[in-house]
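For reference, the structure is listed below as structure tokens.
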Amino acid sequence: MTSLRGRSIGPVHDNGANMLYQHGTLAQLVPGLLEGTTTIGELRRHGDTGIGTGEGLDGELIMLDGHAWKVGADGQAIEVPDDFTLPFATVHRAAFQFQCARDDIGLEDLNARIVEANGRANTFFSVIVRGRFSFMKTRAVVKQKAPYPPLEAVADRQAMFLAHDVTGTMLGYFTPPMFNGAAVAGFHEHFLSDDRSMGGHILDAVLEHGEVLSQVFDTLVQHLPVDDPEYRRHDFGGDRIAEAIARAEH
Ligand SMILES: [Zn+2]
């Protein structure tokens, strides 16, 4: 008989810090399934940190320390209430580990180094970078009204924001390539400046000086809007999800 002593036979953590919770999928946004099917209050039951988008692609959301901020097409960051609804969001309980400090590094290099340092291209993880950015380029989509258009039609209805010498927090999630569609493969990163004057979905950045922290997950909880009639009815067969995501998100 094999002894189980010394072996882990159940969840190693009991605080949920090993768990990534996602509501909806990025694939749903492609054909325009943009109905808000969860709320900030509900998401907060699963985490205190995260990113997402509002109903009808209403702004770029970032949750830090349990507070959810929305950057809309006007560029302003406003804190949103518990009943604010979202079609797509990713949250977790923060328990970040210090990885390194970095100076003068562009976003692409920074992301490549983070994956390298983690040694985990096949694992979901979160990254948070706090520091000063000599350059930050973000976007926020213009809120759409029902009946919602497909994601590609919306991609050109977005506002772009540029900032120099801005201090703030970059929060992102890394999705392994095999999960492309559930989320965008690779990094999805949002930003919020410390003075709340700038933020959004990060397109490009240069980190002047900052600390990089990461948190690895061994469990993905993928929650679906099973009661949303449009989601139940929709046939994703003709949506060419991977191509549409690649065009809209990069
Ligand atoms: Zn985003």
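Only Cα pairs within less than 10 Å get springs; with that Gaussian network setup on the chain, which residue of GLU211, GLU189, GLU60 has the largest fluctuation?
GLU211
Whole-Hz Karplus ³J(HN,Hα) for the stretch 66-74, in order, using 6.51 cos²θ - 1.76 cosθ + 1.60 and θ = phi - 60°, x for Gly and Pro?
Once rounded to whole Hz, the list reads x, 9, 9, 10, 10, 9, x, 5, 8.
Between ALA146 and ALA121, what FRET efficiency comes out of the Förster formula 1/(1 + (r/R0)^6) with R0 = 51 Å and r the beta carbon distance, rounded to 0.05?
0.85
Along the stretch 38-50, what does the Karplus equation 6.51 cos²θ - 1.76 cosθ + 1.60 (θ = phi - 60°) give for ³J(HN,Hα), rounded to whole Hz, x for Gly and Pro?
Going residue by residue, I get 9, 10, 4, x, 5, 4, 5, 5, 10, x, 10, 9, x Hz, with x marking Gly and Pro.
If you find the alpha carbon centre of the stretch 16-79 and of the stretch 189-211, how far apart are they in angstrom?
Cα centroid to Cα centroid, the span is 17 Å.
Under a 10 Å cutoff between Cα atoms, tell me which one of THR90, THR38, THR219 has the largest fluctuation in the Gaussian network model of the chain.
In this elastic network of the chain, the residue with the biggest mean-square fluctuation among THR90, THR38, THR219 is THR219.
Just TYR21, TYR231, TYR173 to compare: in a GNM of the chain, with alpha carbon springs under 10 Å, which one fluctuates most?
Maximum fluctuation in the GNM of the chain, among the listed residues, is at TYR231.
Amide H of ALA89: which non-local residues (sequence gap of 5 or more, or other chain) have their own amide H closer than 5 Å, using H built in the peptide plane?
Under 5 Å from the amide H of ALA89: HIS23.
Please report the Cα spread of the chain along all three principal axes, rounded to whole Å, starting with the longest.
Result for the chain: principal-axis Cα extents of 61, 47, 34 Å.
Using the Karplus curve 6.51 cos²θ - 1.76 cosθ + 1.60 with θ = phi - 60°, work out ³J(HN,Hα) for each residue of the stretch 197-202 in order, rounded to whole Hz, and write x for Gly and Pro.
Whole-Hz 3J(HN,Hα) from phi for the stretch 197-202: 8, 7, x, x, 7, 6.
Any read-out appearing in this document is the output of simple, stated calculations on the displayed coordinates, not a laboratory observation. The structure displayed is predicted, hence computed values, not measured ones. Here Cβ is always computed from backbone atoms with ideal geometry, including for glycine, and neighbour counts include all displayed protein chains.
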